[in-house]
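Novice: Let me give you the structure first, and then I'll get to my questions.
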Amino acid sequence: MNNIRLFNEDCISGSKKHIEDNSIDLIISDPPYGIDGNKLDKHYNRNESFVIDGYVEVSASEYKKFSLKWIKEASRILRPGGSVYIISGYTNLHHVLNALHSTDLTEVNHMIWKYNFGVHTTKKYISSHYHILFWQKPKGTPTFNTYCRYGDSELGEDSSSLNYKDREDVFIINREYKPGETKNKNELPYNLLKKLILYSSNCGDTVCDMFLGGFSTAIVAKGLNRIPVGFEISPSAFRSGLSKFNSFEDGYLIGETRVPEKNKKINGGKSWTEEERSNLKELYLSCKGMSKKDAIDSISEKLGRGRWGVEKELIKMGLVIIGNKNGSKTDVISSGLTTRSLNDYYN
Ligand SMILES: C[S@@+](CC[C@H](N)C(=O)[O-])C[C@H]1O[C@@H](n2cnc3c(N)ncnc32)[C@H](O)[C@@H]1O
């Protein structure tokens, strides 16, 4: 793989030296927390003997300045339309958010990542989440691969949309338990990184991590045939991370990545033509004897549109109502046209 640029340097001076303006497609970064990292093992109640030395922390008093500086660099190197994800605990979240607001970047989502192994406490609630701040650089075409993991019609066991569920802004993803494996103090789960990289980049795109740590972002980017770029200031973390990175093959994750089913709602989101509307009316009237739900499901499939799109159009046309006065979802369409209007529906 060409163009891999992984540096054992400070990300602020290092990116100034090595990375051109507007050149990176995606940044995923998990900065040091500014909460005395050496105590993290006590919080997590874990055996530190496999955790590599050399994690470089930033003091709480420096955190504001530090955040402003590295986020300014991140914003400079990101291409217009490029995305940045920053993973942050709550202690210094305000500094990270203020730094983001001081750039030209714009907010897309604020996600919560809920993980297992929460920080153990006895006299208060147990902290088991991080914040993931998803921002983009304006004036370019953003990459968001809506159907990269689940097709538009794939349903879970409870009949809910898997695509919808996967894109909800609370992620429930467990940390990976790696007993006996050498690791950085706070490695992000590969499953989390895989998700962010698949949604917000394409093969061949550059994916930068300003704080490589255990090189997780770089390893997953390599596994998905993206081009990793990044910085790690600690020589020991860098050495250990790089040797791990080199033990993975390019594209090693491609074969094991779930292929989503083909989208069925190929006309979803398009405006309705007059011809399609009259087709819809005919289809609906031919559904006599079916439940409203089955009728709409069958029409959606025939027209390549989502259920809600079809239902909305039928409501607009005064053909369908939802509610329990004159008909519920499971009512049988007996006379074709129903009597309630859109206004009735909203009232
Ligand atoms: C929270 S860890 C990153 C963990 C990483 N996401 C992973 O999954 O392994 C933060 C890392 O940033 C490194 N670091 C601290 N200050 C830095 C700086 N100015 N430039 C580059 N790396 C830095 C630390 O040594 C630490 O390894």
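Every number here is computed from the coordinates shown, using simple stated rules; none is lab data. Bear in mind the structure is a predicted one, so any value in this text is a computation, not a measurement. Cβ sites come from the backbone with ideal geometry, for glycine too, and all protein chains shown count toward neighbours.
Novice: Per-residue HN-Hα couplings for region 76-84, Karplus 6.51 cos²θ - 1.76 cosθ + 1.60 at θ = phi - 60°, whole Hz, x for Gly and Pro?
Specialist: 5, 7, 5, 6, x, x, x, 10, 10
Novice: Can you work out the Karplus-derived ³J(HN,Hα) for every residue in region 53-67? Use 6.51 cos²θ - 1.76 cosθ + 1.60 with θ = phi - 60°, whole Hz, and x for glycine or proline.
Specialist: 6, x, 4, 9, 8, 10, 6, 4, 6, 8, 4, 5, 5, 4, 5
Novice: In whole Å, how far is the Cα centre of region 193-214 from that of region 107-153?
Specialist: Between the Cα centres of region 193-214 and region 107-153 lies a distance of 14 Å.
Novice: While we're looking at this one, here's another question. Could you give each residue of region 11-27 its phi-based ³J(HN,Hα) in whole Hz, using Karplus coefficients 6.51, -1.76, 1.60 with θ = phi - 60°, and x for Gly or Pro?
Specialist: Those phi angles translate into 5, 6, 5, x, 5, 4, 6, 10, 10, 6, 4, 6, 10, 10, 7, 8, 10 Hz.
Novice: Hey, can you rank 250-263, 301-314, 124-137 by average C-beta count inside 10 Å, highest first?
Specialist: 301-314, 124-137, 250-263
Novice: Let me ask something else about it. Taking Lys312 as the anchor, which aspartates and glutamates have their alpha carbon closer than 20 Å to its alpha carbon, excluding any fewer than eight residues away along the same chain?
Specialist: Asp152, Glu274, Glu275, Glu276, Glu282, Asp294, Asp297, Glu301, Asp331, Asp344
Novice: Something else: 5 Å is the cut-off here: which amide hydrogens, built 1.01 Å from N in the peptide plane, fall below it relative to Gly306, excluding neighbours closer than 5 in sequence?
Specialist: Under 5 Å from the amide H of Gly306 lie the amide H atoms of Gly268, Gly269, each far enough along the sequence or on another chain.
Novice: Could you sort out which of Lys69/Lys222; Lys72/Lys265; Lys244/Lys265 sit more than 32 Å apart by Cα distance in this structure?
Specialist: Lys72/Lys265; Lys244/Lys265
Novice: Still on this structure: Under the rule of at least 5 residues apart or a separate chain, name every residue whose amide H is placed under 5 Å from the amide H of Thr206.
Specialist: Asp25, Leu26, Ile227
Novice: Non-local amide H neighbours of Glu154 (under 5 Å, H modeled in plane, Pro and chain starts lacking H): which ones?
Specialist: Hits under the 5 Å cutoff: Leu162, Asn163.
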